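J.: Quick one: structure below, then a few questions.
The values are calculated or read from the model by the stated rules, or taken from the named source; none is laboratory data. All of these numbers come straight from a predicted model, not from anything done at the bench. All Cβ positions, glycine included, derive from the backbone under ideal geometry; neighbour counts span all protein chains shown. Just so you know, the surface numbers come from the protein's heavy atoms only, side chains and all, with ligands and any DNA or RNA stripped out. Shrake-Rupley method; radii C 1.70, N 1.55, O 1.52, S 1.80 Å.
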Amino acid sequence: MCPVTVFEQDGFDLRVEWGLDGVRALGPRCAVLVVVDVLVFTTTVDVALGRGARVLPLPWHDERAAEAAKAAGAVLTPSGLDESIGHAGWSLRPSSLTELPPDVLLGISSPNGATLSAVAAETGATVLAGCLRNASAVGAAAAAIAGDRPIGVIAGGERWRPQQTLRPSVEDYLGAGAIAAAVTGRAAPSSEAELAAVSYRAVADRIPAVLADSVSGRELVAAGVPDDVKLAGDVDVSAVVPVLVNGAFAA
């Protein structure tokens, strides 16, 4: 049998893994976990924090978490991309938050990024939210925070319907790769981290087109929200580093 540490990518400074099981495998071993859900949760976090707001990530379909969020004074948004209208029109969609006022605490639930962030908070690692928009800033911050301890980058992935099993996604692999590529001074990336970075660099000059042509990108365009895809494909336009502090992402 393989030792458990094989799956935790032990011995490497920079690690990349997928989904909830990836959080549970890497979290206890890493100083920093970067959650990546490009379409759309972590892009939404970047846009919201860039406006001066904070985001409270809520586990998917957890009524107790929603009640706690209300008690904390959070404005709860609709809990899915198919539900567009929340308070003042705010929702999970990043395009709904481009005029968000500062000092708002948004409670956002999603099956991938928000849920992974909430679970990652329980591992003891410092949790960051990364996307293509803030990849370089998040990569540099992760390296500074981690010091000589490992960094884990979690590609959130999507969900097959109706079974809700993990569907590895182009956009999250590229987001994880962009962050891995931005982490300088990390001498020993795992094979998974190295390949993600190489994959990103291979298409770095045409990210918006690759994103729009991906399954997830086409899904959002077909749903009538192409602006979400455009916002998500704006590489390194943001210096925001979302850090999970006391349960909420703050810049």
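J.: Determine which member of the set 241, 183 is over 21 Å from residue 158 (Cβ atoms), at pLDDT below 95 and buried (at least 21 other Cβ atoms within 10 Å of the Cβ).
T.: Step by step, each of 241, 183 is checked, and only 183 is over 21 Å from residue 158 (Cβ atoms), at pLDDT below 95 and buried (at least 21 other Cβ atoms within 10 Å of the Cβ).
J.: The conditions are (1) within 21 Å of residue 19 (Cβ to Cβ); (2) surrounded by 13 or more Cβ atoms within 10 Å (Cβ to Cβ), and residue 204 fails exactly one of them. Which is it?
T.: Residue 204 satisfies every listed condition except (1).
J.: Would you confirm whether any residue within region 137-144 is among the aliphatic types (A, V, I, L, M) and in contact with a Phe, Trp or Tyr (Cβ under 8 Å, 6 or more places away or on another chain)?
T.: For region 137-144, residues among the aliphatic types (A, V, I, L, M) and in contact with a Phe, Trp or Tyr (Cβ under 8 Å, 6 or more places away or on another chain): absent.
J.: Looking at region 211-233, can you tell me whether even one residue there is among the charged types (D, E, K, R), under 25 Å from residue 5 (Cα atoms) and touching a helix residue (DSSP H, G or I) at 6+ places or on another chain (Cβ under 9 Å)?
T.: no
J.: When you go through (1) open to solvent by 60 Å² or more (accessible area, probe 1.4 Å); (2) at pLDDT 80 or above; (3) of a type in the set (D, E, K, R); (4) touching a Leu at 6+ places or on another chain (Cβ under 9 Å) one by one for residue 83, which number turns out not to apply?
T.: Looking at each condition in turn, residue 83 falls short on (2).
J.: Mind checking which residues of region 69-78 are of a type in the set (Gly, Ala, Ser), touching a residue at least 24 places away in the same chain (Cβ under 8 Å) and open to solvent by 40 Å² or more (accessible area, probe 1.4 Å)?
T.: Residues satisfying the conditions are 72, 73.
J.: Can you confirm whether region 139-154 contains a residue that is at pLDDT 95 or above and within 15 Å of residue 39 (Cα to Cα)?
T.: Checking region 139-154: at least one residue is at pLDDT 95 or above and within 15 Å of residue 39 (Cα to Cα).
J.: Among the residues of region 213-232, write down those that are more than 17 Å from the chain's Cα centre (by Cα) and surrounded by 18 or more Cβ atoms within 10 Å (Cβ to Cβ). Full working, then the answer.
T.: Of all residues in region 213-232, those more than 17 Å from the chain's Cα centre (by Cα) come to 213-215, 218-227.
Within region 213-232, 214, 220, 225 qualify.
J.: Do any helices (runs of 4 or more DSSP H) entirely within region 153-226 hold 2 or more residues that are of a type in the set (Asp, Glu), and if so, which?
T.: The qualifying helices (runs of 4 or more DSSP H) are 170-182, 191-203.
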